[in-house]
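Written out below as structure tokens is the structure these notes cover.
The values are calculated or read from the model by the stated rules, or taken from the named source; none is laboratory data. Nothing here was measured: the structure is a model prediction, and the numbers come from that model. Quick reminder, even Gly has a Cβ in these numbers, built from the backbone with ideal geometry, and neighbours come from all protein chains shown.
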Amino acid sequence: MTAPELDRRELADRRLLLDRRSEEGERTEAAAERRKSERRVGIERRLALQSAAGQIDIGIEMVRRIAGDLRPPLLDHHDLGGAIEWEAQKFAARSGLRIRVSSRVTRDVPPELATATFRIFQEAVTNAVRHSGASTVVTRLTMARRELLLYVRDNGIGITEERLHSEVCLGLLGMRERARALGGDVQIKGKPGRGTILAMTLPLRAD
Ligand SMILES: Nc1ncnc2c1ncn2[C@@H]1O[C@H](COP(=O)(O)OP(=O)(O)OP(=O)(O)O)[C@@H](O)[C@H]1O
Ligand SMILES: [Mg+2]
């Protein structure tokens, strides 16, 4: 081979090499692009799944709190007032909060009303312990001719309006839903620096 021929061959080889490299480069770029878009789809899918899972979690939590609730064992051995007094003592021993209970229940309380009232009491006191900074909780259980009434009042910081109307507060929602499912109602009010009061009303059957 002559010298110019060699040069030409070398030149051609180099061009081929360059072409190959740039093809490779394009392939790598395309692959990177594909990976990026796969990652994006992955993230979007994951986010969608997480949000769906979140919704399901909230749903399950609500069902657990409202419907799937078994009768509290204390109600197998005590009437509603007695069960609430026992539970109050347990709360007080655990938290150091003073919990006064007065109960004037003159007739038998239907089991589903007793369960609902007991659970609403538990949530109200749990909230007082966890969020209010109160020193005292006063609970009153009474019976009118057609209604069962429960008051739970603490002397803590007072629940804010914003919290009262939040749709993500499952404890508050659960209490209201539970009372509404029995045709009743739960009203909650907070006074800044002066505490929170909850009033539950459940209708008793006329018979
Ligand atoms: N007695 C209270 N005093 C002051 N703030 C309260 C009181 N009860 C509730 N709150 C406020 O209202 C919010 C909502 O209460 P809620 O019971 O719905 O949820 P939570 O107690 O935070 O969580 P959980 O779902 O475990 O019940 C609380 O996070 C708290 O900020
Ligand atoms: Mg709560």
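Observations
- Options G174, G156; residue that is part of a loop (DSSP other than H, G, I, E, B), surrounded by 12 or more Cβ atoms within 10 Å (Cβ to Cβ) and within 16 Å of ligand 2 (Cβ to nearest atom): G156
- Wholly enclosed helices (runs of 4 or more DSSP H) of segment 1-105 bearing at least 3 residues under 30 Å from A181 (Cβ atoms) and modelled with pLDDT under 85: 3-66
- Single match in S102, S135, S95 (criterion: within 25 Å of G193 (Cα to Cα), within 16 Å of ligand 2 (Cβ to nearest atom) and of a type outside the set (A, V, I, L, M, F, W, C)): S95
- Only residues that are more than 19 Å from I84 (Cα to Cα), in contact (Cβ under 8 Å) with a residue 40 or more places away in the chain and part of a helix (DSSP H, G or I) were counted across segment 123-153, and they come to 1.
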